[in-house]
1. Only one of (1) out of contact with any Lys or Arg (no Cβ under 9 Å at 6 or more places or on another chain); (2) closer than 18 Å to Ala197 by Cα; (3) not acidic (Asp, Glu) is not met by Arg284, so which one is it?
2. Can you name every residue in region 66-86 that is at pLDDT 95 or above and more than 19 Å from Leu36 (Cβ to Cβ)?
3. Taking region 6-62 as the region of interest, how many residues are aromatic (Phe, Trp, Tyr), surrounded by fewer than 22 Cβ atoms within 10 Å (Cβ to Cβ) and touching a residue at least 12 places away in the same chain (Cβ under 8 Å)?
4. Residue under question is Ile241, and the condition is that it be modelled with pLDDT of 95 or more, buried (at least 22 other Cβ atoms within 10 Å of the Cβ) and in contact with a strand residue (DSSP E or B) (Cβ under 6 Å, 6 or more places away or on another chain); does it hold?
5. From the list Glu158, Glu140, which residue is touching a residue at least 40 places away in the same chain (Cβ under 8 Å), in contact with a Lys or Arg (Cβ under 9 Å, 6 or more places away or on another chain), in a helix (DSSP H, G or I) and farther than 18 Å from Val229 by Cβ?
6. Which one is surrounded by the fewest Cβ atoms within 10 Å (Cβ to Cβ) among residues in region 161-195 that are without any contact (Cβ under 8 Å) to a residue 60 or more places away in the chain and part of a helix (DSSP H, G or I)?
7. Condition (residue is under 16 Å from Val22 (Cβ atoms), assigned by TED's automatic domain parsing to the domain that holds Ser305 and modelled with pLDDT under 95) applied to region 211-220: is it met by at least one residue?
Amino acid sequence: MIELWRGNANAWECDELGHLNVRGYIAKAMQAAGRLAELIGMRGAFASHATATLIARDIHVRYLAEVRPGAPLAIEGGVERVSGAGLEALFLMRHAARGDLAATIRIAFDHADPASARPFPWPERLGGAARGLIIPVPPEAAPRGVSSGIPTADISAEQAEALGLPRIGLGRFGPEDADAFGRIRPEVLIGKVSDSAVHAREAFPEQWAAHETGALTHASALLEARIAVRRLPRPGEGYEIRTGLIEAGPKVRRLVHWVLDPATGAALWSAEGVACIMDMKTRRLAPAEGDALAALRSAIRPGLSL
């Protein structure tokens, strides 16, 4: 393992739950990806003058331990696998003072033209350097509750209507969401879903009820996520998030989010998440039982997938 990033969780990166927001993990992993690119020989891969870059196409995150404001963090990692025109990278975020894992982040990148985003083959020198950084994947980084297969191609506003998926988010991308090439940054993908999750009333009725009373006693927390990128939008474009439950148990519930272009109905990205309800007083998982669990299971959307 190679150290790729070292820093902390800033207070402004933390959310109403009092811990690092889900987007912060991917944002820091992308900083680590910049260092990994340098080690491969792609200096300046994420700079505006780059002639080749790495574009995230599939992201898997396991959130293993809470990160509170100010916590010292470090990321080590390397390459899982090299393909003809891309690679899969592994990043392990640790609590630097304690040594335990805070999260594992795995990202499949295209080796691509920065302007067109089209993948192209590795030059022999860079491909060889990438293969020299291959590391084993620890068991903690393996998918546990999310699918690992090929994402469905059948995603559209029309299909969302057919499945009766509620809209939980609607908004527009700004210049602050973009990278050096004018495309939306990877951490924004999970960030927009996080910003809208409070509206997922069917999946998190406890959280909705807490907001109805004005006291946040219970809140949703993400334990694992997978993001499949269909098209990276640009500032000025809009987004719409349609969400449904696909599984519900006493401890966790599994959701799928379809993020669509509201102008065309086409898919931008999709995400699958394993989440729970956190008791804000005890900071422990709050189980669903009896009628509450039955209500959750009645909201499951057959036919919905990543």
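1. With respect to (1) out of contact with any Lys or Arg (no Cβ under 9 Å at 6 or more places or on another chain); (2) closer than 18 Å to Ala197 by Cα; (3) not acidic (Asp, Glu), Arg284 is out only on (2).
2. Val67, Arg68, Pro69, Gly70, Ala71, Pro72
3. 1
4. yes
5. Residue meeting the stated conditions: Glu140.
6. Glu176
7. So far as region 211-220 goes, yes, one or more of its residues are under 16 Å from Val22 (Cβ atoms), assigned by TED's automatic domain parsing to the domain that holds Ser305 and modelled with pLDDT under 95.
Results for (1) within 30 Å of Ala71 (Cβ to Cβ); (2) modelled with pLDDT of 95 or more, shown as yes or no for each residue.
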residue: Leu92; (1), (2): yes, yes
residue: Pro121; (1), (2): no, yes
residue: Ala129; (1), (2): no, yes
residue: Ile134; (1), (2): yes, yes
residue: Ile150; (1), (2): no, no
residue: Arg172; (1), (2): no, yes
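The values are calculated or read from the model by the stated rules, or taken from the named source; none is laboratory data. Quick caveat, the model's predicted, so the values are computed rather than measured. With ideal geometry, Cβ positions are generated from the backbone for all residues, glycine too; neighbour counts draw on all protein chains shown.
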